[in-house]
Each structure stands twice: as C-alpha cells, then as structure tokens.
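Undergrad: First the structure, then my questions, so here it is.
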Number of protein chains: 2
Amino acid sequence: MELPKVGSIGEYIREQRTQARISLRQLAAQAGVSNPYLSQIERGLRKPSAEILQQIAKGLRISAEALYVQAGFLENREPDSDVLTALRADGTITERQRQVLIDIYESFRKENDAKSGGSEDGDDADPLREQESETTEGQHHDHRHRSQEDH
Amino acid sequence: MELPKVGSIGEYIREQRTQARISLRQLAAQAGVSNPYLSQIERGLRKPSAEILQQIAKGLRISAEALYVQAGFLENREPDSDVLTALRADGTITERQRQVLIDIYESFRKENDAKSGGSEDGDDADPLREQESETTEGQHHDHRHRSQEDH
DNA sequence: GCCTTGTGCTTGCTCTAGCTAGCAATTTAG
DNA sequence: CTAAATTGCTAGCTAGAGCAAGCACAAGGC
C-alpha cells in the first residue's frame, strides 16, 4: 500500500478542484472563502489556516484530514490496529497516559518486526503476518489467530 | 466509557500543563512559542494556529491531534472497541508484551479512578507522579522479559 | 534586610492571513 | 458581430496571530 505523498497544499487543492470540474469561483463560493484568496492559495502565495482548509474541504466534499496531511498539520497515519483505535478513543485515561501506552505498544511492534527478521524490504505485509502467526502459535495463544489458520 | 469533551483549547492546554507539572514558561520554552503568547492562549485571548498547536503538543508530549480535536479542527472519533478487548485480540505483539500493556493500562485507570473519587484539585499532582514512575518501571520490566525470551 | 530567580502577565510592535474592489482575458448568449 | 457573463488574478487594506521587552509579585538564598 502506497501512502499519498505530502506536498504543496495549493497544488493539491487545484488538483482536487479540477478533478471535480468546478471553477475557482465556484469552489470559493461553496467553501465560503474569497476567490482571490483561493487563487493565492492554489498558487502557493498564501498559507491557509486550518479553518480555511476545513472550509475548502467542505467545498470539495473531501475530508479536512486529507488537506491537513498535505499542509503538514497531520502526519499521514498508517492504518490503525484495533489497539491504536481503542487507545485513541478511550476516555478513562489522560492524554499523557494515552501517549505513553501508544509509544510502548508501537515499540513492542517494532521489536517484533525486527525479531521476525524476514524480508527487510517490507514490500509485502502478508508474509510478515504469516511469520508472526507462526510465532504466536508457538506460544499457544489467541484463539482467533488459530481459527484463521484453519481457513 | 466517556468521550473526551470538546471545549476551550486554552483551558485544555492549561489542564494538560498543570497535569504535567510544568510552568507556563517551561512549556513555552519546550514548545518553542513565546510565554506571553502561551499565557494569552491559555486565557482564551488568542486563537492559535495549527502550527502553534503542533508545537505545544510537542512540548506537552501529547499528540497534536488531541489538541486539534479540542480546537475544533478535527472531529472526535467514536470508539470502535474497548482497549482491553483490542489488546487481547492483537496479533502483532507477544503475550508478554500484551500483559505489560494491559497492566500499565489498568494501573493508569486505577489511578484515574482514585483521582476522580477524591478531590480533583490538588490531589492531581501526586497520583500523576506515581503513574509516571510506574511507567518507567514497566519499561524496565519489559527489557528484562526480552532477554529471557532470547534465551 | 537585599538580591536573585522564577512566575504569569501587560504592552506595543511586526507581519501576514484573508478580505474587498476591480482589472484583463476568455467564453457564452443573442 | 456585440454585450454579457465567466474566469483567474492584482492591489490595497484591516484584523489579529505571535513576538520581544518589560512589569509586578512570590519564593528562595545569603
């Protein structure tokens, strides 16, 4: 899976706009920003705030997060494991606690990646998964992984 | 399970800062923003950009996303599953790693229960300190377990 | 006591994000 | 063809984000 490349927010917005086949003025109107400003943004002359990006995303009918990633406000995230999703949504721990748990969890996963060795290219996630399921089988756990192996 | 409530970004930052037990000037220095400006932000006099929020998050050692949610730049996501359930089902970590994470997570929650049971004002600081020392112990513990696994 | 250090805040300033008014070029409609 | 509409852009302006310099107060050390 290839992640979208983080680049110029203005080029990205123009790209999305032309794909949507709407004019600069139409998008500006739908987004609720001035058309000269949108023009400046597209040409890289101005640096829009997150609020403006939110409005432009609404006008383009795409997620604001996609624009935040292009603008460098958000890191492009790898697909979440269930654990990461649950940790991020958990309301019983503080933000620092959350980050500590995430950091530990991810360092564990890195260790496990390094330990299983295999292809370092990482060009294919599937063989890596098979190796890990072997490891987990050896340690006698997780009923779920077993049933997957049966299939 | 209760979702974090979206509210004033300034209050939220002050809250995280006091939980971390650092002064306004220390956070400003760690975040790379001016201390008067951070003061204004905390008192709701100014509205920081996403870049500034990124820097403050770095200084607080929390995710920028948590601050974006509070600032209204991101929507808070619904919980998909419980943390414990996800940890138990996760196939990318070993059983020992799983237990370490579960232990830490539960001790965090215990401390937070104790905190919410008592007065929320001054008792914050002390239990949080204990949490952090437990966290480092947990990490040391993990290193030990790793060497055992190698053998 | 005085001096130093730390703390959060006030004040005044600079810079730029985002706007309005309007232009020139192109396209569309009659 | 002309006139109107559409398009993307220029120029000038204001508001406020974010800063540096400095203040008042509290705490600590000699």
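Undergrad: I need the shape label for region A:9-71. Rule: rounded when a/c is under 1.5, else prolate if a/b > b/c, else oblate, with a, b, c from the alpha carbon gyration tensor.
TA: Working: a/c = 1.25, a/b = 1.09, b/c = 1.15.
In terms of gyration-tensor shape, rounded.
Undergrad: Follow-up question, since we're still on this one. Measuring label to label, 7 Å along Cα→Cβ, what does B:Lys58 give against each other copy in nm, shortest first?
TA: In ascending order, 3.1 nm.
Undergrad: In the neighborhood of A:Leu38, defined by Cβ-to-Cβ distances under 12 Å, what is the net charge if each Lys or Arg adds +1 and each Asp or Glu adds -1? All intermediate terms of the calculation are to be shown ahead of the outcome.
TA: Details: positive: A:Arg14, A:Arg17, A:Arg25, A:Arg43, A:Arg46; negative: A:Glu42.
Computed value for this residue: +4.
Undergrad: In the structure displayed, which of A:Lys47/B:Lys58; B:Lys58/B:Lys110; A:Lys47/A:Lys110; A:Lys110/B:Lys58 lie more than 24 Å apart, Cα to Cα? Write down the numbers at each step before the final one.
TA: Working: A:Lys47/B:Lys58 22 Å; B:Lys58/B:Lys110 27 Å; A:Lys47/A:Lys110 36 Å; A:Lys110/B:Lys58 22 Å.
In this structure, B:Lys58/B:Lys110; A:Lys47/A:Lys110 lie more than 24 Å apart at Cα.
Undergrad: Something else now. Per 0.36 nm of contour for each residue apart, how much would the distance between B:Tyr37 and B:Thr85 grow if the chain were fully extended, relative to their Cα-Cα spacing?
TA: Working: separation 48, 0.36 × 48 = 17.28 nm, distance 4.22 nm.
Separation in residues times 0.36 nm, less the Cα-Cα distance, equals 13.1 nm.
Undergrad: Copy-to-copy spacing for A:Glu106, label 7 Å out on the Cα-to-C-beta vector, in nm, shortest first?
TA: 2.7
Undergrad: Would you mind listing the distances between the B:Arg21 label point and the same position in each other copy? Use 7 Å along Cα-to-C-beta, nm, one decimal, shortest first.
TA: B:Arg21 label point versus its equivalents elsewhere: 6.3 nm.
The numbers here are math on the coordinates, done by the rules we state, and not lab data. For clarity, every value in this text was computed on a predicted model and none was experimentally measured. Don't worry about glycine lacking a Cβ; one is built from the backbone with ideal geometry, like all the others, and counts go over all protein chains shown.
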